[in-house]
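Accompanying notes for the structure given below.
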Amino acid sequence: MKTRHFLTPLQVSMVACTWLAVAAPVRFELPKETAAFKPGPGADLAKNQCLICHSAEYVSTQPRLPRAFWEANVAKMRDKYGALVPKEQVPALVDYLVQTYGKQ
Ligand code: HEC
């Protein structure tokens, strides 16, 4: 006589997989060095002005680009995307970006 299982082995494993998928904690951590701006003169400006809309990775993942790029980039953030960086902070901010993420 054939034993009747309440659940077939296949069903049991499907239930187990679903449970594992639901129970597995969703963890997402950025590596520290890309999650924040690197320290240095002007880092506070970047922290205050450039993390309002996106992560520091937008900056840290750029190739080492010259000053002209960072000037244009900060101008774009202000003019196109509406970053509220006060005009008088722009040069110090660009200095920081060039020194830390660009090339002189
Ligand atoms: C008001 C919102 C806002 C602020 C504040 C802001 N950004 Fe952005 N930034 C954006 C948007 C929108 C994009 C384009 C996003 C996309 O393409 O996915 C972007 C993209 C970028 C990129 C990627 C390259 C590019 O041009 O698309 C860099 C680099 C960048 N921002 C740097 C900065 C820096 C440096 C600051 C601080 C001065 C800053 N952002 C502040 C909105 C902002």
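Structure summary
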read-out: Computed over the chain: relative contact order in percent, which uses C-alpha pairs under 8 Å that are six or more apart; value: 30
read-out: Per residue accessible area in Å² of the chain, where ligands, DNA and RNA are left out and the probe is 1.4 Å; value: 78
read-out: Radius, Kirkwood style, for region 32-103 when every pair of distinct Cα atoms is counted (Å); value: 12.0
read-out: Chymotrypsin sites (Phe, Trp or Tyr not before Pro) restricted to region 52-98 and DSSP loop, no more than 16 other C-beta within 10 Å; value: Y81
read-out: Dipole moment magnitude, nearest 20 debye, region 19-92 about Cα centre, only Lys, Arg, Asp, Glu C-beta charged; value: 100
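The values are calculated or read from the model by the stated rules, or taken from the named source; none is laboratory data. Since the structure is predicted, the reported quantities are computational estimates derived from the model, not experimental observations. All Cβ positions, glycine included, derive from the backbone under ideal geometry; neighbour counts span all protein chains shown. The area values use the complete protein model at the heavy-atom level, side chains included, leaving out ligands, DNA and RNA. Shrake-Rupley method; radii C 1.70, N 1.55, O 1.52, S 1.80 Å.
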